[in-house]
Number of protein chains: 2
Amino acid sequence: MSTTFQQHVRKFITISDDELTAILSFFKTLAPARKANLLQEGAVCKQDYFVLKGCLRLFFIDDRGVERTTQFAIENWWISDYTSLLFQTPSEFYIQAVEKSEILAISGEDKEAMLAAHPKMERYLRLVHQRAHAATQYRIRYQWDFSKEELYLHFSRQFPEFVQRVPQHLLASYLGLTPEYLSELRARRIS
Amino acid sequence: MSTTFQQHVRKFITISDDELTAILSFFKTLAPARKANLLQEGAVCKQDYFVLKGCLRLFFIDDRGVERTTQFAIENWWISDYTSLLFQTPSEFYIQAVEKSEILAISGEDKEAMLAAHPKMERYLRLVHQRAHAATQYRIRYQWDFSKEELYLHFSRQFPEFVQRVPQHLLASYLGLTPEYLSELRARRIS
């Protein structure tokens, strides 16, 4: 199962099998069921998650009680509330499994211990966060600049498989559309 | 001048004066004038910037020709278009000096050479990107969830000095308000 993680680390750094095995000993493997919450709003985020299989999402519930998804994480993505994890403050987000998933979880303390023992992993995590930060810069731009329809078309072109895979009401909650408007857009593209 | 940078690095890692001097040799010091552009939309981003003094901003121009600021960087902040810098693709952003500034600039290649010679800096940059990524997670949440007035109040409470310092039309362009509505909100708070 954990070869997914090993391959991902090796995309970024050169590292031996033995060292990767030692690194994996700092993680727990979890298998959340579909819709299981790994973090609830108001709780302090204790873990950083790496998706081996399946899909997690980060979302909040707005004033009108509507769920708004701000991030998805499929295979090879990390996800957490990094503010809550770092400062140990209550989170304003939920993290939930979209599908039955297999994930690696590491606490803030265990991450620090792992990095102290395996400083090579600083580079791996630097590159991971740099890419995630890079992606959010454009996410903010597009959320502001694009019409809802443009946002959907852009996202469909960038991540065609993902658009097929994720439940449509969650995709709508990520794009800021009603599920009805999203199915109208999809129908229009197919016809 | 560069003690600002040295102090910032030492907030995150332990490092000798000699090693910091060697690290600084990979950077250029620039002094852009107010409104000087360091990056233009359509160009490939070549540098990562650290602000020693002054203020930079990342913005784009929307369909209607309106400038939209998505990020500011004051002293001790890094700023770049990390997608364009990493993949060497044309940027969809501008980077501009808001005030006459003093900044450190490092190219992608020089950053890699610096990190190869000084791997300790991987940890520093990992923590910097992790915090920036953390901040954008909440930026996306608030941009979506808050009314324009709530966004202004929240930002004023979080960064009171910054709100005083930055030109009001740029603050408006960051918060997605018209400059007129922003001055109305400010007047309402003062009265």
Largest-first principal axis extents of the Cα set of region B:1-103 (Å): 50, 29, 21
For region A:146-191, with +1 on Lys and Arg beta carbons and -1 on Asp and Glu, the positive-most of A:Val163, A:Ser183, A:Ser147 along the dipole: A:Val163
Take peptide A:118-124, look around each residue's Cβ out to 10 angstrom, count Cβ atoms belonging to other protein chains, and average those counts. 4
Can you give me the distance in nm between label points at A:Tyr181 and B:Phe87, each placed 7 Å from the Cα along the Cα-to-Cβ direction? 2.6 nm
Could you give the size of the charge dipole of region A:65-191 about its Cα centre, using +1 on the Cβ of each K and R and -1 on the Cβ of each D and E, expressed in debye and rounded to the nearest 20? 460 debye
Quick one: label points 7 angstrom along Cα→Cβ at B:Thr89, distances to the other copies in nm, smallest first? 3.2
Taking the simple approach of a point 7 Å from Cα along Cα-to-Cβ for both A:Lys100 and A:His169, what is their distance in nm? 2.1 nm
Report, ordered by chain and residue number, the lysines lying within cross-link reach of A:Lys148, taken as a straight Cα distance under 26 Å and ignoring same-chain residues fewer than 8 apart. B:Lys148
Treating every alpha carbon of region A:92-149 as one equal point scatterer without solvent, the Debye formula yields log10 I(q)/I(0) values at q = 0.22, 0.24 Å⁻¹ of -1.05, -1.07
Selection of trypsin sites (Lys or Arg not before Pro), region B:22-97, meeting DSSP coil and at most 12 other Cβ within 10 Å: B:Lys35, B:Arg64
Residue by residue through A:138-144, how many Cβ atoms from other chains fall within 10 Å of the Cβ on average? 6
Mind checking the dipole of region A:146-191: about its Cα centre, +1 per Lys or Arg Cβ, -1 per Asp or Glu Cβ, Debye to the nearest 20? 100 debye
May I ask you to report, in nm to one decimal and beginning with the shortest, the distances from B:Lys100 to the same position in the other copies, taking label points 7 Å along Cα-to-Cβ? 6.7
Given the rule -39500 (n - 2.57) for each run of at least 4 DSSP H residues, summed and divided by the residues of chain B, what is its mean residue ellipticity at 222 nm, to the nearest 500 deg cm²/dmol? -15500 deg cm²/dmol
Could you pull the copy-to-copy label distances for B:His118, with points set 7 Å along Cα to Cβ, in nm to one decimal and sorted shortest first? 2.7
Let a ≥ b ≥ c be the square roots of the eigenvalues of the Cα gyration tensor of region A:146-191; is it rounded (a/c under 1.5), or, if not, prolate (a/b larger than b/c) or oblate? rounded
With the alpha-carbon atoms as the only input, what is the per residue convex hull volume for the protein assembly as shown in Å³? 154 Å³
Restricting things to Cα coordinates, could you compute the convex hull volume per residue of region B:56-104 in Å³? 86 Å³
Cβ-placed point charges (K, R +1; D, E -1), dipole of region A:52-109 about Cα centre in debye, nearest 20: 140 debye
For chain B, go through all pairs of different Cα atoms, get the mean of 1/r, take its inverse, and jot down that Kirkwood value in Å. 17.8 Å
How big is the gap, in Å, between the Cα center of region B:6-78 and the Cα center of region A:85-154? 22 Å
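Every number in this text was worked out from the coordinates using simple rules, so none of it is lab data. Worth saying up front: this structure is predicted, and the values here are computed from it rather than measured. Reconstructed Cβ throughout: ideal geometry from the backbone, glycine too, with neighbour counts over all protein chains shown.
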